[in-house]
Amino acid sequence: VMHEGGVIGLKQWGTPVGVANFPYAAEFTPDGLHLVVSSLGWGDNVKHDIESGQPGTLTAIRVAQPDDLDPRHEVASTATVGVGPEGLAISPDGLTAAVGIEGGIQWVDARSGRVRTHSGVLAGSPQWLLFSPDGKTVVSTGLDGAVALWDAETTAPRATLRGHSASVGQPAFS
């Protein structure tokens, strides 16, 4: 962030890093060393890519350190994930990414990009995900009005709460 002559703005820092088409969500790991980006992966024919179930990607970018004289960010890993990776959450220890894809959640090692598993029990794609502060539970919400609780270790669903008359937005723990 820069502040010059009463104007506040953003200034590019370090080298640009490319990710797949249509980046949708991004989140830093808790240590601030990586930025994880989910991309929908659509090409020029978006309608076709949606209808054909084009898989998305998850990219982990190693972020340069603030004191680097020549800051260079670099792609640490890229993983192919399921269709429509819109929701994204990083575990409190920074090791796991939960990615909301069509039908459920895909669990990915946030740094290596290794896909652990896919847990699917939902009709749609979770739009918002959040790890509990202790990292043991993930809550997912979405446009279908469902709230689902997931066991972060086993990746199994714990409960799905239905009955909301509209979409459910970003979850929070208190």
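The values are calculated or read from the model by the stated rules, or taken from the named source; none is laboratory data. The shown structure was predicted, so the numbers you read here are calculated from the model rather than taken from an experiment. When we count neighbours, we look across all protein chains shown, and the Cβ atoms used for this are built from the backbone with ideal geometry, even at glycine. Accessible surface is based on the protein model in full, side chains and every heavy atom, while ligands, DNA and RNA are left aside. Shrake-Rupley method; radii C 1.70, N 1.55, O 1.52, S 1.80 Å.
No other residue among Ala146, Ala110, Ala159, Ala97 is surrounded by 19 or more Cβ atoms within 10 Å (Cβ to Cβ) and free of Cβ contacts under 8 Å to residues at least 40 places away in the same chain apart from Ala146. Within region 113-141, being within 20 Å of Ala172 (Cα to Cα), small (Gly, Ala, Ser) and under 13 Å from the mean Cα position of the chain (by Cα) holds for Ser125, Ser140. Checked against the criteria, Ala110 does not count as more than 14 Å from the chain's Cα centre (by Cα), small (Gly, Ala, Ser) and at pLDDT below 85. Screening the candidates Gly32, Gly18, Gly82, Gly94 for the property of being at pLDDT below 90, assigned to a loop (DSSP other than H, G, I, E, B) and of a type outside the set (Val, Ile, Thr) yields one hit, Gly18. Between Ile61, Ile50, the distinction of being open to solvent by 20 Å² or more (accessible area, probe 1.4 Å) and not in a loop (DSSP other than H, G, I, E, B) belongs to Ile50 only.
Counting the residues of region 142-157 that are modelled with pLDDT of 90 or more and outside any loop (DSSP other than H, G, I, E, B) gives 3.
Do the conditions hold for Leu40, that is, is it at pLDDT 90 or above, closer than 21 Å to Leu129 by Cβ and open to solvent by less than 80 Å² (accessible area, probe 1.4 Å)?
Details: at pLDDT 90 or above: no; closer than 21 Å to Leu129 by Cβ: yes; open to solvent by less than 80 Å² (accessible area, probe 1.4 Å): yes.
For Leu40, the condition - at pLDDT 90 or above, closer than 21 Å to Leu129 by Cβ and open to solvent by less than 80 Å² (accessible area, probe 1.4 Å) - is not met.
When region 132-143 is filtered for residues that are of a type outside the set (Val, Ile, Thr), farther than 20 Å from Gly84 by Cβ and surrounded by 11 or more Cβ atoms within 10 Å (Cβ to Cβ), the ones remaining, listed by number, are Ser132, Gly135, Lys136. Beta carbons closer than 7 Å, at least 6 apart along the sequence or on distinct chains, pair a first residue in region 12-30 that is at positive phi with a second that is buried (at least 16 other Cβ atoms within 10 Å of the Cβ) for Gly14/Ala64; Gly14/His73; Phe22/Ser39; Phe22/Leu40; Phe22/Gly41; Phe22/Trp42. Filtered by the rule that a residue be modelled with pLDDT under 85 and open to solvent by 90 Å² or more (accessible area, probe 1.4 Å), region 162-174 gives Arg162, His164, Ser165. Among the residues of region 65-94, those identified as touching a residue at least 60 places away in the same chain (Cβ under 8 Å), of a type outside the set (D, E, K, R) and open to solvent by less than 50 Å² (accessible area, probe 1.4 Å) are Pro85, Gly87, Leu88, Ala89, Ile90, Ser91, Gly94.
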